[in-house]
């Protein structure tokens, strides 16, 4: 699977997380920020993934995130780490 396809899939999952009303607002906002970082074609792929990983790592450690949201973020992080 090529990188662009993988990024599109990750963006779709980030959109689902950003629209999930059972997740706190700051988590939804972070998902949107991560998506914007990944889609920013002005930066190199490794910079985009590192930026998104930093945001998602902070979100995963948030004590207010529900378990299903944390699991989703961990899955996204795993996929992002394969892009490097």
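Going by alpha carbons, how many degrees (0 to 90, nearest 10) lie between the helix axis of 45-60 and the longest principal axis of the chain? Helix 45-60 sits at roughly 10 degrees to that axis. For the chain, a Gaussian network of Cα nodes joined below 10 Å ranks 19, 33, 58 by mean-square fluctuation, and the top entry is 58. Among 48, 70, 25, the largest mean-square fluctuation in a Gaussian network model of the chain, built with springs joining Cα atoms closer than 10 Å, belongs to 25. Largest GNM mean-square fluctuation across 53, 39, 14, computed for the chain with C-alpha springs under 10 Å, falls on 39.
What ranking of 73, 65 emerges when the number of other C-beta atoms within 10 Å of each C-beta is taken as an exposure proxy, fewest first? Provide the component values of the computation, followed by the final result.
Values: 73 27, 65 20.
Going from least to most buried by this count: 65, 73.
Taking only the C-alpha atoms of the chain, Rg followed by Dmax gives 11.8, 35 Å. In terms of other Cβ atoms within 10 Å, 8, 37 run from fewest to most in the order 8, 37. Report, in degrees rounded to the nearest 10, the 0 to 90 angle that the Cα long axis of helix 25-39 makes with the longest principal axis of the chain. Approximately 0 degrees, to the nearest 10.
Take every pair of alpha-carbon atoms less than 8 Å apart whose residues are at least six positions apart; their mean separation over the length of the chain yields a relative contact order of 29 percent.
Tell me the mean residue ellipticity at 222 nm calculated for the chain from its helices only (DSSP H runs of n ≥ 4, each -39500 (n - 2.57), averaged over every residue, nearest 500).
Numbers: 4 runs with 62 residues, N = 84.
It comes out at -24500 deg cm²/dmol, rounded to the nearest 500.
The angle between the Cα long axis of helix 3-18 and the main principal axis of the chain comes to about 20°, on a 0 to 90 degree scale.
Quick note: the coordinates plus some simple rules give every number you see, no bench work behind them. Quick caveat: nothing in here was measured; it's all calculated off a predicted structure. All Cβ positions, even for glycine, are placed from backbone atoms using ideal geometry, and neighbour counts span all protein chains on display.
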